[in-house]
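Structure first, then comments.
The values are calculated or read from the model by the stated rules, or taken from the named source; none is laboratory data. Bear in mind the structure is a predicted one, so any value in this text is a computation, not a measurement. Here the Cβ positions follow ideal geometry from the backbone for every residue, glycine too, while neighbour counts run over all protein chains shown.
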Protein chains: 2
Amino acid sequence: MTGAGRSGGRAVLETLRAWGVRRVFTCPGSTEAAFLDATLDHPDFEVVLTPHESIAVSAADGYARATGEPAVAYLHTHLGLANSLGHLNAARLAHSPVVVLTGLKPALLQSHRGFTCVPDTGRLAEPYVRAQWQSLRTEDIPADLNRAFRLALTEPAGPTWVGLSQDLMNDTCTAPVPDPQRYRPRARTAPDPELIREAAALLASAASPLLVAGAEVARHGAVGELIALAERLGVPVVNEDRRTYERPGFPTSHPNFAGLYDARRATVRDSDVIVFAGCHCFTEFEMPVGPDVPEGARVVHIHSDAAEIGHIYGVDTGIVADEGLALSALLAALPQDGLAVRAGRLDEVRAEYLAGTGPLPPEREDVENVAAVADALAEQVGENTTVVGDATTTGAILLRRLPQDPPHQYYTTSSGSLGWAMGAALGVKLGLPERDVVAVLGDGAFQFGPQGLWAAARYQIPVTYVVINNESYAAVAAALRRYGGTAVERGEFPGKDLSGADVAAIARGYGVFGQRIHKAAELGEAMAKARAHPGPSLIEIMTDPDYLGP
Amino acid sequence: MTGAGRSGGRAVLETLRAWGVRRVFTCPGSTEAAFLDATLDHPDFEVVLTPHESIAVSAADGYARATGEPAVAYLHTHLGLANSLGHLNAARLAHSPVVVLTGLKPALLQSHRGFTCVPDTGRLAEPYVRAQWQSLRTEDIPADLNRAFRLALTEPAGPTWVGLSQDLMNDTCTAPVPDPQRYRPRARTAPDPELIREAAALLASAASPLLVAGAEVARHGAVGELIALAERLGVPVVNEDRRTYERPGFPTSHPNFAGLYDARRATVRDSDVIVFAGCHCFTEFEMPVGPDVPEGARVVHIHSDAAEIGHIYGVDTGIVADEGLALSALLAALPQDGLAVRAGRLDEVRAEYLAGTGPLPPEREDVENVAAVADALAEQVGENTTVVGDATTTGAILLRRLPQDPPHQYYTTSSGSLGWAMGAALGVKLGLPERDVVAVLGDGAFQFGPQGLWAAARYQIPVTYVVINNESYAAVAAALRRYGGTAVERGEFPGKDLSGADVAAIARGYGVFGQRIHKAAELGEAMAKARAHPGPSLIEIMTDPDYLGP
């Protein structure tokens, strides 16, 4: 690809198109004119406007997660970048190849600290990106952008940032667009055979082994390899810890599935060999009350990123390789016979897991409880449904009760950046247009991204938002309960009461079909109406404000 | 003040109370429990919950601007801080003493990069604050916070940041709270008499002098001194450039008032001596087409912050001093008689100014225009009204047409961080409860802070929001027009169309009294209804989507 003289803005668009990008998620200002103007040359290129940058970046993240392809968010100055950082953190944790472009004022204004200028804008992005660079010359724009795409996709993948000054964008660029194929090496690396033999021997002789499936297993397309290994060994598989959960690495519908990793569970405590495949070990939420790996257990950690192995706890065998190649090598290295006899172990572990998904806690008559809502939701999640989960207090309950088969039945974030699903669900739907996409949020999370409704309505993206409205920051009250001070004594929880918003009415104000219901039993009918509606819709279901989580 | 053993969280509250803080604007999470718990000891201390950090910080900023006293926003982790940075920039530019506290996970989790942890959270705040520090020991909390208050108030005032780890907050602190009176020096400095004589001589001999009133004149309470000087000299006074406008330094109702500084105006071009008092010279929005100071004019710049003088253009006489002391010294140094004869100059300049506020541009029949809205608004702005302005395309028109008498009739931001008024108006109203507070926003700006409506409704803060809804990012289209490419050729403006939201309906969803009107003539009645309503209200007025600004 060659580029005759054209504006920097057109060179940006050409580079995006070379990388296969056909839409950009943006909240522009005056500094993006040259790029926006260039998009008019290509009727197949879509400018997806969002009225807040948090939506632009979470939508790009959802799209990148769902497709595995790079997605672009184009923001305006340090202010737009700052507004997006929370969800850029979500993209970072999911290794999502989001390329964030940010228009900056002309160089002279940057020197003068002009309007919307601060020194070194890219530094704001630094905690969240693999690389950040502000283009210094118009001629460098295609190569700088090409590098950002390359690094976003280089394992361990993740967001990158490029700053584009308005003067460079308006100037003439003659540099050709590099050919992306020459900058996208296949990064699938094979494991050291010696370490595979060691791990195979550990597994073969284990009395109660456990496989733990991380998000990277799904992201690297290694779910089949993990299933084959689990079936050959006849062992239980758990998905990784809730606190790091981004997407399932193992199907919840598989007979070997046994819930989520949690060091407090008997299943985990009783395991003598644990194989973590593509897991992040671990993301602590609070001061640990005990180790997250049971003492005495032998640990195998397979991960494509060496930096993940031994992050907090030491391992017996650390294998740096693509998870799929490592898992098939492990399967091949198992002895043809002579595997330890583990009769009954899988049944026991499954029984423990199923007990946790059993009868609901007693219901209050006057107000719905969350477990009932989760079960009603579970009935709505078919093979072709994708749930985009973003509920804080309710998150653990959803993970326990909803079907989650990889690759696409469940996406969530371990970022803590509430409101992520408001944009992410839009990106997921655009990336997987044939699927039925349902975003599930708490009302607290909803309030971090109501502007997503505008984009959903504007582009008629048929996502169903389900807002579980307990009218509370239950997480705040739960923290006060753990703190155990005056709040607990008095039963008063400052910072908890989030009542007053009629979320369904707000949705209607944005042009989204909104319904409010009060009982889980009404969810089926409401979902049917929502799905029959041609555009986006929102269901608000009111739940117990006093329930503070499991 | 002494502190016996109490939690770090209680020590934080004690320090806040010692500095006179009686409310905190917050969007908390789990890391703020010890502080929230402590607030229950003091029924007079108010926890103002906001469902997004941008509202917490802009409300604190509004409160600090309106009162001149420090205000506190308490946020949760790097995510909450990131969400607030845009409006922290607004506080920075207005020299607003906002102390931002941010709860962090315990130190162990910070090492482990646990949930909601990134390295060095305070670095995110660095471009926006005068100082950032993460407390390292519980015993240091009172002194660290005391320092943050001191620096926030030390001239040139501005925001500061303190990170507070959860483990320190829960631990016992025995350190006493310092006495704030001992840490708040009077920073009013007097000018060098020699420089004052020089400036007085320049002014006395000038044929067509001009005084320019900056925001710092109002912030430092020097409006009376500036009026006295202007009256003695009989010269016109303009408020500072629109691009740096935060608040008026000179009353628009004064007979010497002559509009806004703009180097393209004849009034400015024809001036031979220009005195900038407490102005920021300058904040450029685009590449300058000519100098912002007319060639040949002699320049006197009075500012309390030496770093402001000579920022872009050189000066003839730079005077570093409190603006009030400098202006009175200047008045005293003027000759008793022998001032240059400037008959007619003031009348000429006033005539030029008044021409710009004259007849409206021709109206479209089918849709209202912005100038008519501005004039209808102007009729609603009484002596006791405070307008909190946050309109992009419309901003210049509002500044030209609304009454703006210091100290409290008009506040706005030069930050470019849209949505600022959604929270700032709440803070202004809490700071000035006797005043009638009207926030004026464009629909684009509104979409950056709809969550402010939740807080307005929850605390029944009787602010009237007026949203001028042109269903457009007119600034984006205006930039494409200036760019002059394909967009102009085709009359297609990607990124402009923001139609679809029913802002009044969204307001009602938040529990705010919402009205939509279509004509400026309806504004009076709508405002009367809004003001009669006991709680907050919102008026949405639909205007021409094709108007791209002056």
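Take A:R22 and decide whether it is more than 10 Å from chain B (Cβ to nearest Cβ) and within 21 Å of A:L88 (Cα to Cα).
Yes.
Identify all residues within segment B:525-537 that are within 14 Å of chain A (Cβ to nearest Cβ) and surrounded by fewer than 20 Cβ atoms within 10 Å (Cβ to Cβ); write none if there are none.
Listed by number, the list holds a single entry, B:G535.
Please state which of the following conditions A:A157 fails to meet, knowing it meets all the rest: (1) at pLDDT 95 or above; (2) in a helix (DSSP H, G or I).
With (1) at pLDDT 95 or above; (2) in a helix (DSSP H, G or I) applied to A:A157, the lone miss is (2).
Looking only at residues that are in contact with a Gly (Cβ under 7 Å, 6 or more places away or on another chain) and closer than 14 Å to A:V373 by Cα in segment A:397-408, which one is surrounded by the most Cβ atoms within 10 Å (Cβ to Cβ)?
Applying the filter and picking the extreme gives A:L398.
Any residue at all in segment A:276-290 that is closer than 30 Å to A:A64 by Cα and surrounded by fewer than 16 Cβ atoms within 10 Å (Cβ to Cβ)?
no
Within segment B:263-276, identify whether any single residue is free of Cβ contacts under 8 Å to residues at least 24 places away in the same chain and either among the aliphatic types (A, V, I, L, M) or closer than 23 Å to B:A215 by Cα (or both), and answer yes or no.
No, there is no match, as no residue in segment B:263-276 is free of Cβ contacts under 8 Å to residues at least 24 places away in the same chain and either among the aliphatic types (A, V, I, L, M) or closer than 23 Å to B:A215 by Cα (or both).
Among the residues in segment B:133-151, are any part of a strand (DSSP E or B) and touching a residue at least 24 places away in the same chain (Cβ under 8 Å)?
yes
Counting only residues that are of a type in the set (A, V, I, L, M, F, W, C), surrounded by 22 or more Cβ atoms within 10 Å (Cβ to Cβ) and under 15 Å from A:P291 (Cα atoms), how many does segment A:260-275 have?
Qualifying residue count for the region: 2.
Does segment A:369-380 contain at least one residue that is closer than 22 Å to A:V98 by Cβ, away from every other protein chain (no Cβ under 14 Å) and modelled with pLDDT of 95 or more?
There is no residue in segment A:369-380 that is closer than 22 Å to A:V98 by Cβ, away from every other protein chain (no Cβ under 14 Å) and modelled with pLDDT of 95 or more.
Within segment A:143-153, can you find the residues that are over 13 Å from A:G68 (Cβ atoms) and either modelled with pLDDT under 95 or surrounded by 24 or more Cβ atoms within 10 Å (Cβ to Cβ) (or both)?
If the condition is that a residue be over 13 Å from A:G68 (Cβ atoms) and either modelled with pLDDT under 95 or surrounded by 24 or more Cβ atoms within 10 Å (Cβ to Cβ) (or both), then A:L145, A:A148, A:F149 are the ones that fit.
For the structure I just gave you, tell me whether B:D167 is modelled with pLDDT of 95 or more, in contact with a Leu (Cβ under 9 Å, 6 or more places away or on another chain) and either assigned to a helix (DSSP H, G or I) or surrounded by fewer than 24 Cβ atoms within 10 Å (Cβ to Cβ) (or both).
yes
Restrict the check to segment B:204-214 and report whether at least one residue is among the hydrophobic types (A, V, I, L, M, F, W, C), part of a helix (DSSP H, G or I) and closer than 22 Å to B:A94 by Cβ.
The answer is no; no qualifying residue exists.
Just name the residue that is surrounded by the most Cβ atoms within 10 Å (Cβ to Cβ) out of those in segment A:84-132 that are facing another protein chain (nearest Cβ under 9 Å) and of a type in the set (A, V, I, L, M).
The residue in question is A:L88.
For residues in segment A:439-469 being of a type in the set (F, W, Y) and within 12 Å of chain B (Cβ to nearest Cβ), which is nearest to B:A445 (Cα to Cα)?
Only one residue tops the list, namely A:W454.
Quick check on segment B:475-512: of everything there that is part of a helix (DSSP H, G or I) and among the basic types (K, R), which residue is farthest from the other protein chains (Cβ to nearest Cβ)?
Among those that are part of a helix (DSSP H, G or I) and among the basic types (K, R), it is B:R481.
Can you name the condition, by its number, that B:T2 falls short on among (1) among the hydroxyl-bearing types (S, T, Y); (2) modelled with pLDDT under 95; (3) buried (at least 24 other Cβ atoms within 10 Å of the Cβ)?
Single failed check for B:T2: (3).
Out of all the residues in segment A:95-124, which are in contact with a helix residue (DSSP H, G or I) (Cβ under 6 Å, 6 or more places away or on another chain), outside any helix (DSSP H, G or I) and among the small types (G, A, S)?
Within segment A:95-124, A:S96, A:G103 meet the criteria.
Given (1) hydrophobic (A, V, I, L, M, F, W, C); (2) buried (at least 24 other Cβ atoms within 10 Å of the Cβ); (3) more than 13 Å from chain B (Cβ to nearest Cβ); (4) not in a strand (DSSP E or B), where does A:A33 come up short, assuming only one miss?
(3)
For segment B:298-408, give me every one of the helices (runs of 4 or more DSSP H) that falls completely inside it and has 3 or more residues that are closer than 23 Å to B:P248 by Cβ and in contact with a helix residue (DSSP H, G or I) (Cβ under 6 Å, 6 or more places away or on another chain).
The qualifying helices (runs of 4 or more DSSP H) are B:323-333, B:370-380, B:395-401.
Pick out the one residue from B:A455, B:A477, B:A507 that is crowded, with 23+ Cβ neighbours inside 10 Å and farther than 30 Å from B:G431 by Cβ.
Among B:A455, B:A477, B:A507, only B:A477 is crowded, with 23+ Cβ neighbours inside 10 Å and farther than 30 Å from B:G431 by Cβ.
Could you list, in sequence order, all residues of segment A:182-203 that are of a type in the set (A, V, I, L, M, F, W, C) and more than 25 Å from A:A90 (Cβ to Cβ)?
Result: A:A190, A:L195, A:I196, A:A199, A:A200, A:A201, A:L202, A:L203.
Looking only at segment B:336-355, decide whether some residue is over 20 Å from B:P236 (Cβ atoms) and either surrounded by 11 or more Cβ atoms within 10 Å (Cβ to Cβ) or in contact (Cβ under 8 Å) with a residue 40 or more places away in the chain (or both).
Scanning segment B:336-355, I find at least one residue that is over 20 Å from B:P236 (Cβ atoms) and either surrounded by 11 or more Cβ atoms within 10 Å (Cβ to Cβ) or in contact (Cβ under 8 Å) with a residue 40 or more places away in the chain (or both), so the answer is yes.
With the requirement that a residue be crowded, with 24+ Cβ neighbours inside 10 Å and more than 14 Å from chain A (Cβ to nearest Cβ), what does segment B:409-429 give you?
B:Y410, B:Y411, B:A421, B:A424, B:A425, B:L426, B:G427, B:V428, B:K429
When the residues of segment B:45-81 are narrowed to those that are among the small types (G, A, S), crowded, with 24+ Cβ neighbours inside 10 Å and farther than 15 Å from B:L101 by Cβ, which ends up farthest from the other protein chains (Cβ to nearest Cβ)?
B:A66
If A:E492 meets every condition in (1) surrounded by fewer than 24 Cβ atoms within 10 Å (Cβ to Cβ); (2) within 24 Å of the chain's Cα centre (by Cα) apart from one, which number is that one?
Going through the list (1) surrounded by fewer than 24 Cβ atoms within 10 Å (Cβ to Cβ); (2) within 24 Å of the chain's Cα centre (by Cα), A:E492 breaks only (2).
Of these, A:E540, A:E522, which one is crowded, with 20+ Cβ neighbours inside 10 Å, charged (D, E, K, R) and more than 9 Å from chain B (Cβ to nearest Cβ)?
From the options A:E540, A:E522, the qualifying one is A:E540.
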